[in-house]
Structure formats: structure tokens, C-alpha cells
Amino acid sequence: MKRHGLLLLALIFLIGFEGCGEWGGGLPDHILAQVNEEQITVDEFNREVKELILEPGQEVKGQNFSNLKEAYLDQVIERKILVQEARRLGIRVSSEEVNQAISEIKKDYPGEGFGETLGLKGMTLEDWKSRLEEKLLAEKMIRHALYYRGEIDEKEALQYYENHLSNFQMSERVRARQIVVASEEEAIQLLNQLKKGENFEKLAMKKSLGPEKVEGGDLGYFSRGERPAEFEQVFSLEVGEISGVIRSPYGYHIFRLEEKIAPRQIPFEEAKAGILQELRHKKGEEEYQRWLKTLKGKAKVKVNKKWLRS
């Protein structure tokens with residue numbers, strides 16, 4: 001249940017709450033804040049904070065709860081602004097999307113655990129579902145606003161490539177197979193069999209303890225530093241060469257080098273699609289920040305000063 005609340009908090013936390021209308025008083029005691037025409041009650045907000053942070057049976061009291069409330073209030077107000085704009089633009093969350101999210105969340109609560117957790121937090125299913133729908137809509141608004149609709153000049157992509165050449169260097173990679181067994185004695189016996197012409201893949205499938213045995217001991221491709229230190233010896237082998245017995249914390253290994261790919265500089269044409277995607281994402285972020293700043297600047301926000309001092 002906490003997953004969607006925390007996801008939204010993470011999405012908007014970096015943005016902050018600067019310049020979001022005017023803060024003022026003049027609100028009834030039971031109203032914590034007003035965002036344009038929408039009110040946030042004290043009870044509603046306190047329940048949401050508890051939903052976000054608490055496991056059943058836990059409590060947050062005193063100064064800790066006060067600090068948390070003030071920090072989280074900014075995020076709730078911003079979420080309200082995003083939801084209001086989404087509704088103005090006609091963006092909606094379908095019942096299928098809500099039900100899918102509910103199904104994913106319920107996986108964390110076996111049996112009747114989901115309903116019991118709602119009860120312990122003093123929430124009805126309808127209240128919780130309504131809040132979830134609002135959070136999903138805010139996330140949808142963020143994704144919509146982040147999407148960059150302009151064109152990226154290929155010259156700009158080339159300039160990015162030339163300024164970040166080190167990002168497009170592919171290190172030496174190898175593909176190898178292994179047989180790993182528990183004892184040195186068995187490893188030596190298997191190595192002797194391999195020297196006599198025994199098929200490496202068949203022997204790996206029959207004798208190896210590693211999970212890759214089903215693939216004939218195939219470890220796939222890897223670069224230096226991606227595997228345990230003992231695997232580094234593979235890089236000194238020639239293609240088709242079989243290593244000696246190598247000891248590691250996992251057992252006794254025998255490797256055969258299948259393929260070696262030399263380090264190279266990835267050419268621009270090969271990297272271009274990824275660069276264009278990266279630049280589009282970056283421009284989307286920049287446009288989103290400008291859009292959100294304008295949106296927040298137009299919002300009329302009031303916060304209960306008594307609550308802030310309590």
C-alpha cells in the first residue's frame with residue numbers, strides 16, 4: 001500500500017514547493033489548507049500521513065510527527081495542483097488502471113491482510129481507493145508533462161557525442177563457459193577428461209554445480225570487474241583454450257573461452273538513437289520544470305497558520 005504513496009513522493013520531492021501561490025490564514029480550525037477551490041481537512045491529511053509511514057501497530061508522536069506533517073504537506077499541496085490541472089486537461093485514470101494498481105498492491109498482503117491493514121489505519125476501502133486514484137492521476141499528469149514534443153537536431157546529438165566520448169567506449173568483453181565442482185580432486189579428473197577430448201558442454205551439463213549448467217556452462221558476455229576476481233583469468237586465455245583448475249569461494253572452476261571482443265569506440269551512428277532519447281528526456285525535464293513553476297505560481301494556496309504553530 002505504501003508503494004504508490006512513496007513513488008509519488010519520490011517523483012515530486014525533488015521539485016520543491018517554491019512560489020506556489022500565497023500562504024495565508026483565515027481558515028476554519030478543521031481545514032488545514034486550501035488549494036484553489038479544494039480544501040484539505042486536518043483529519044484527511046493526518047490519515048494520509050499515517051497511511052504513508054505506518055505499519056500496523058506503530059505510532060508516530062510529538063515532534064517527529066509534527067516535522068513529518070510539515071514536510072509532507074508541501075507534497076500533498078503539489079499533488080492537488082497536478083490533479084486539478086490533469087482534470088482541466090481532460091486526463092483521466094481508467095477503472096482498469098485503478099484495478100490493476102490495486103491488484104499489484106494486494107500482492108503484498110496475503111489472505112485478509114489487506115482489509116485488516118485498512119481497518120487498523122482507520123480507513124474504508126472507498127476512501128483508500130479514492131486516494132489511490134488521485135495519486136495515479138498525479139503521476140499520469142507528471143508523465144504527460146515530461147513528454148518532449150519537439151524535434152532534436154542531429155547536430156546537437158553529434159555535439160553531445162563528441163563532448164562525452166568516454167561514455168561511448170566499450171571495454172573488452174569475453175564469453176566463456178565454466179564447470180564448477182565442490183572438490184579439487186573432481187575438478188582435476190574433469191580437466192583430464194577435457195584434455196582427452198571430452199565435450200565441454202556435455203560435461204558441464206552433467207557435472208557442474210552452477211545454475212548455467214543447463215546451458216552447457218555458458219556464462220554469457222562479461223567485462224573485467226563484473227564477475228568475481230577469479231574469473232579475471234579468463235581474459236588471458238585464447239579463444240577455445242581451457243584453463244587450469246581455479247579455486248574460488250564457490251568451488252573449483254574450469255573455464256573455456258568462447259569469444260573475445262576487443263575494446264572499441266562506439267561510432268556516432270550506432271549511438272545516435274540512444275543519444276536522441278537522452279536529449280529528448282533532458283529537454284522534457286527542463287520543459288516540465290518551467291511548466292510546473294508557472295502552474296504553481298498561478299495556484300492560490302492558503303495554509304492554516306494555527307496548525308503550523310501547533
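The values are calculated or read from the model by the stated rules, or taken from the named source; none is laboratory data. Since the structure is predicted, the reported quantities are computational estimates derived from the model, not experimental observations. Cβ placement follows ideal geometry from the backbone for every residue including glycine, while neighbour counts extend to all protein chains displayed.
Here are a few things to note about the model shown:
- Qualifying positions in the stretch 142-191 - of a type in the set (Asp, Glu) and within 30 Å of ARG92 (Cα to Cα): GLU151
- Scanning the stretch 106-121 for residues that are assigned to a helix (DSSP H, G or I) and within 19 Å of ARG47 (Cβ to Cβ) yields a count of 7.
- VAL214 vs. criteria loosely packed, with under 15 Cβ neighbours inside 10 Å, assigned by TED's automatic domain parsing to the domain that holds GLN189, in a helix (DSSP H, G or I) and not charged (D, E, K, R): yes
- The residues of the stretch 222-240 that are exposed (fewer than 14 other Cβ atoms within 10 Å of the Cβ), under 33 Å from the mean Cα position of the chain (by Cα) and not charged (D, E, K, R), listed by number, are GLY225, PRO228, ALA229.
- Exclusive hit being charged (D, E, K, R), in a loop (DSSP other than H, G, I, E, B) and over 30 Å from TYR72 (Cα atoms), set ARG227, ARG247: ARG227
- The requirement of being touching an Asp or Glu at 6+ places or on another chain (Cβ under 8 Å), at pLDDT 90 or above, in a helix (DSSP H, G or I) and surrounded by 17 or more Cβ atoms within 10 Å (Cβ to Cβ) is not satisfied by VAL93.
- From LEU257, LEU292, LEU203, LEU276, residue being touching a residue at least 24 places away in the same chain (Cβ under 8 Å) and outside any helix (DSSP H, G or I): LEU257
- Selection status of GLN265, in contact (Cβ under 8 Å) with a residue 40 or more places away in the chain, within 26 Å of GLN84 (Cβ to Cβ), loosely packed, with under 15 Cβ neighbours inside 10 Å and among the polar types (S, T, N, Q): no
- LYS282 farther than 30 Å from ASN199 by Cα and outside any helix (DSSP H, G or I): no
- Residue in the stretch 147-163 that is of a type outside the set (A, V, I, L, M), in a helix (DSSP H, G or I) and assigned by TED's automatic domain parsing to the domain that holds TYR252 present: no
Here's the yes/no breakdown for (1) surrounded by 13 or more Cβ atoms within 10 Å (Cβ to Cβ); (2) within 30 Å of LEU279 (Cβ to Cβ):
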position	(1), (2)
TYR109	yes, no
GLY115	no, no
GLY122	no, no
GLU133	yes, no
LEU136	yes, yes
LEU146	yes, yes
ALA157	yes, yes
ASN167	yes, yes
SER171	no, yes
